[in-house]
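The values are calculated or read from the model by the stated rules, or taken from the named source; none is laboratory data. The shown structure was predicted, so the numbers you read here are calculated from the model rather than taken from an experiment. Glycine gets a Cβ as well: all are built from the backbone with ideal geometry, and neighbour counts include every protein chain shown. These accessible areas exclude ligands, DNA and RNA; they are computed on the full protein's heavy atoms, side chains included. Shrake-Rupley method; radii C 1.70, N 1.55, O 1.52, S 1.80 Å.
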Amino acid sequence: MAVKKDKSYAAINARKNEIIKNAMQIDYDQFELPGIGFDYEGMMKKVGYSMDEMRKIQLDHGVGNTPLIELRNLTKLARKYAPEGKGARILVKDEAANASGSFKARRASIAVHHAKKLGYKGVIAATSGNYGAAVAAQAAMHGLKCIVVQECYDNDKVGQPEILEKQRICEAYGAEVVQLTVGPELFTTHLSLLEDTGYFNASLYTPFGIAGVETLGYEIAQQCMEKYGKYPEAVVCTNAGGGNLTGTARGLKYAGADKTKIIGACIDLKGLHMASDHDFNKKSCTTGHTGFSLPFTTWPDRSDVPRNAARILRYMDELVTVKQGELFYITQALAVLEGYERGPAGNTSLTAAFALAQQMDKDDLLVVQETEYTGAGKHPMPQLTFAKKNGIQVSFGNPDDDVPGKTLIFPSDPSLIKARPYDMEHARKSYVKNCVKNYKMTSATEADVQFIMDETKTDRDFVVNELAAWNVPVVD
């Protein structure tokens with residue numbers, strides 16, 4: 001008679017590494033180094049697919065080779081507010097053209113292909129939505145079962161229109177959607193289902209998920225070179241858990257565009273706690289905001305795998321924030337000026353690009369590296385209606401006056417749209433602090449220092465000084 005396993009929160013998380021190993025056939029322990037570090041590039045090589053192989057896998061399943069579109073009318077509008085000689089050409093990589101309608105089809109295609117190759121009968125993903133739809137669509141193509149674990153509701157079983165749209169599309173592709181209320185049970189439920197079903201862990205944060213996005217950066221570099229004879233000066237990536245930015249940056253570098261600036265963009269939801277039942281329905285977008293971006297930037301390994309393959313500070317040169325009202329404004333501007341109706345959350349980077357272009361030279365190329373599909377729940381109108389029902393005051397004015405959870409302010413003029421710089425040094429210091437705290441560091445080796453330098457794109461003096469600030473000496 002089989003012994004019934006303890007399914008308490010603590011017990012499941014204590015078995016996390018064993019569960020993940022069985023659900024991926026990757027032993028993360030092999031990448032661990034003495035001290036706090038791990039062999040990141042060694043882990044990424046575990047994917048085992050070349051760029052050409054990944055592109056073929058994706059193209060065979062409705063993914064990749066998406067168009068790069070120059071947004072001439074939005075560029076013209078940006079130049080209206082730019083100084084003389086400024087106003088970069090704004091381009092957008094239309095990832096809504098992928099099967100399932102977002103760039104996350106790239107992540108899912110490699111993960112699900114690998115699951116099929118290894119002989120798994122099904123796949124499981126824990127996600128707010130777009131990735132779940134991508135995994136469900138790819139699973140259907142490969143003839144695999146699919147379970148999506150999703151936070152859908154607050155404790156009163158009220159869900160945002162955007163989340164419910166994502167829930168609908170996951171089910172439309174044949175997935176079983178396990179619907180949860182907000183809280184810490186998302187990843188625990190995910191682990192428990194992996195253990196019970198023996199399915200493959202199609203996590204957002206595996207090497208397969210990140211490698212799949214490398215083709216996006218690679219295509220951007222190739223298409224810019226073919227159309228304009230050069231690589232883009234900058235690429236703006238909507239940043240949440242970091243896989244979007246990490247994979248795109250790695251693909252750009254692989255293609256040779258190693259001087260392209262990588263800019264992360266997220267929606268400013270300062271003051272709202274993402275795991276709070278009270279705050280859950282006070283936000284208008286479920287991803288691409290500071291509630292995910294900042295915690296994952298300063299500590300990537302909070303994910304559902306032992307080591308997150310998305311390492312944001314290794315690749316991000318700048319981080320900017322935009323306001324909710326600005327995002328909805330640009331979403332509508334994209335539709336009425338360019339004839340493209342795309343989902344709001346995917347336009348976070350476009351909103352930032354509109355402001356950033358005004359600071360760049362006219363001959364520069366500024367690429368917005370993704371769009372997402374829109375639908376009944378993703379459209380701005382149901383989201384704004386839902387916001388009003390939740391007591392959010394919607395108005396026109398200066399978005400700088402916006403208070404997340406209380407107001408949502410559309411810009412009264414496009415000149416008010418801004419890309420607000422986030423203090424990257426503060427983010428890097430927070431990462432060092434988290435290393436000290438989470439590893440209970442009392443001293444650091446030179447190998448530890450080198451690992452943190454790689455993680456934060458800083459020099460030895462910065463790391464040593466920050467460790468010293470936390471009373472952690474460097475020893476031989």
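Taking residues in segment 387-401 that are aliphatic (A, V, I, L, M), and partners anywhere that are in a loop (DSSP other than H, G, I, E, B), the pairs with Cβ atoms closer than 6 Å and at least 6 places apart or on different chains are 387/284.
Scanning segment 413-429 for residues that are open to solvent by less than 20 Å² (accessible area, probe 1.4 Å) and either among the hydroxyl-bearing types (Ser, Thr, Tyr) or not in a helix (DSSP H, G or I) (or both) yields 417, 419. When 343, 271 are checked against the criterion of being over 26 Å from residue 44 (Cα atoms), open to solvent by 30 Å² or more (accessible area, probe 1.4 Å) and either in contact (Cβ under 8 Å) with a residue 60 or more places away in the chain or part of a helix (DSSP H, G or I) (or both), 271 stands alone in meeting it.
Scanning segment 216-232 for any residue that is closer than 18 Å to residue 314 by Cβ, outside any helix (DSSP H, G or I) and open to solvent by less than 30 Å² (accessible area, probe 1.4 Å) turns up nothing. A Cβ distance below 7 Å, combined with a sequence gap of six or more or placement on separate chains, defines the contacts here; from segment 21-34, residues that are of a type in the set (Val, Ile, Thr) reach residues that are surrounded by 15 or more Cβ atoms within 10 Å (Cβ to Cβ) in the pairs 26/46.
Only one residue in 249, 309 is aliphatic (A, V, I, L, M), out of contact with any His (no Cβ under 7 Å at 6 or more places or on another chain) and more than 18 Å from residue 350 (Cα to Cα), so which one is that?
The match here is 309.
Checked against (1) within 22 Å of residue 107 (Cα to Cα); (2) in contact with a Cys (Cβ under 7 Å, 6 or more places away or on another chain), residue 309 passes all but a single condition, namely (2). Among residues of segment 346-394 being surrounded by 24 or more Cβ atoms within 10 Å (Cβ to Cβ) and among the β-branched types (Val, Ile, Thr), the one that is farthest from residue 264 (Cα to Cα) is 371.
Scanning segment 459-475 for residues that are surrounded by 12 or more Cβ atoms within 10 Å (Cβ to Cβ), touching a helix residue (DSSP H, G or I) at 6+ places or on another chain (Cβ under 8 Å), in contact (Cβ under 8 Å) with a residue 40 or more places away in the chain and among the basic types (Lys, Arg) turns up nothing. For segment 438-476, a tally of residues being of a type in the set (Ser, Thr, Tyr), outside any helix (DSSP H, G or I) and touching a Lys or Arg at 6+ places or on another chain (Cβ under 7 Å) returns 1.
When the residues of segment 346-399 are filtered to those that are polar (S, T, N, Q) and part of a helix (DSSP H, G or I), the one that is nearest to residue 283 (Cα to Cα) is 383. Going by the conditions given, is residue 211 crowded, with 20+ Cβ neighbours inside 10 Å, more than 19 Å from the chain's Cα centre (by Cα) and of a type in the set (Gly, Ala, Ser)? Spelling it out, it is not the case that residue 211 is crowded, with 20+ Cβ neighbours inside 10 Å, more than 19 Å from the chain's Cα centre (by Cα) and of a type in the set (Gly, Ala, Ser).
From the list 52, 39, 29, the lone residue that is modelled with pLDDT of 95 or more and loosely packed, with under 12 Cβ neighbours inside 10 Å is 52.
Condition first: charged (D, E, K, R), at pLDDT below 95 and touching a Phe, Trp or Tyr at 6+ places or on another chain (Cβ under 6 Å). Can you find one or more residues in segment 140-161 that meet it? The answer is yes; a qualifying residue exists. Taking residue 407 as the residue in question, decide whether it is under 24 Å from residue 286 (Cβ atoms), at pLDDT below 95 and β-branched (Val, Ile, Thr). Taking the combined requirement at face value, the residue does not satisfy it.
Residue pairs whose Cβ atoms lie under 7 Å apart, separated by 6 or more positions or on different chains, with the first residue in segment 418-440 and closer than 30 Å to residue 397 by Cα and at pLDDT 95 or above and the second β-branched (Val, Ile, Thr) and open to solvent by 80 Å² or more (accessible area, probe 1.4 Å), do not occur. Taking the listed residues 112, 92, 148, the one that is touching a Cys at 6+ places or on another chain (Cβ under 6 Å) and either buried (at least 24 other Cβ atoms within 10 Å of the Cβ) or within 19 Å of residue 372 (Cβ to Cβ) (or both) is 148, with no other qualifying.
Considering each residue of segment 243-256 in turn, none proves to be within 30 Å of residue 158 (Cα to Cα), in a helix (DSSP H, G or I) and of a type in the set (Lys, Arg).
Filtering segment 233-250 to residues that are open to solvent by less than 10 Å² (accessible area, probe 1.4 Å), under 9 Å from the mean Cα position of the chain (by Cα) and aliphatic (A, V, I, L, M) leaves only 245.
Restricted to segment 55-70, and to residues there that are in contact (Cβ under 8 Å) with a residue 40 or more places away in the chain and part of a loop (DSSP other than H, G, I, E, B), the residue that is surrounded by the most Cβ atoms within 10 Å (Cβ to Cβ) is 63.
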